[in-house]
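Step one of this worksheet: look at the structure below.
The values are calculated or read from the model by the stated rules, or taken from the named source; none is laboratory data. Since this is a predicted model, take the numbers as computed values, not measurements. Here the Cβ positions follow ideal geometry from the backbone for every residue, glycine too, while neighbour counts run over all protein chains shown.
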Amino acid sequence: MLRGVIQAPQKRVYKEAKGNRNEVQYLFSGLFLFYKTFFSSQDLTVCTFTPSCSEFGILAVKKSGVVMGGIKTMDRLTRCNGLSPEKYAIDFKEKLLIDKP
């Protein structure tokens, strides 16, 4: 191994985006992954929740459909801050708040 050579970080595989059952889920999974790749990455890794907001959106749309999943995602985005951590369970391994769809 060469010393001083910086290795590129490994690309993360999002299991939430797999197993789409129809075109709508495929479309929304693509939109959330686009958001996560190009916009959410600007915040580095400072998300206070697990799963992250974009992963939550994918799961919510798959579980509840487009309308209710969209509403749940918008609700999650309004709560995505560190102002009320006492309302959520903590994942001590990842040191993040747990909020499942």
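Quick notes on this one:
- Residue match in region 34-53 (condition: part of a helix (DSSP H, G or I), at pLDDT 80 or above and touching a Lys or Arg at 6+ places or on another chain (Cβ under 9 Å)): yes
- Per the conditions (1) over 13 Å from the mean Cα position of the chain (by Cα); (2) in a helix (DSSP H, G or I); (3) modelled with pLDDT under 75, the sole criterion not satisfied by V24 is (3).
- Identity of the residue in region 77-101, in a helix (DSSP H, G or I) and farther than 15 Å from Y35 by Cα, that ends up modelled with the highest pLDDT: T78
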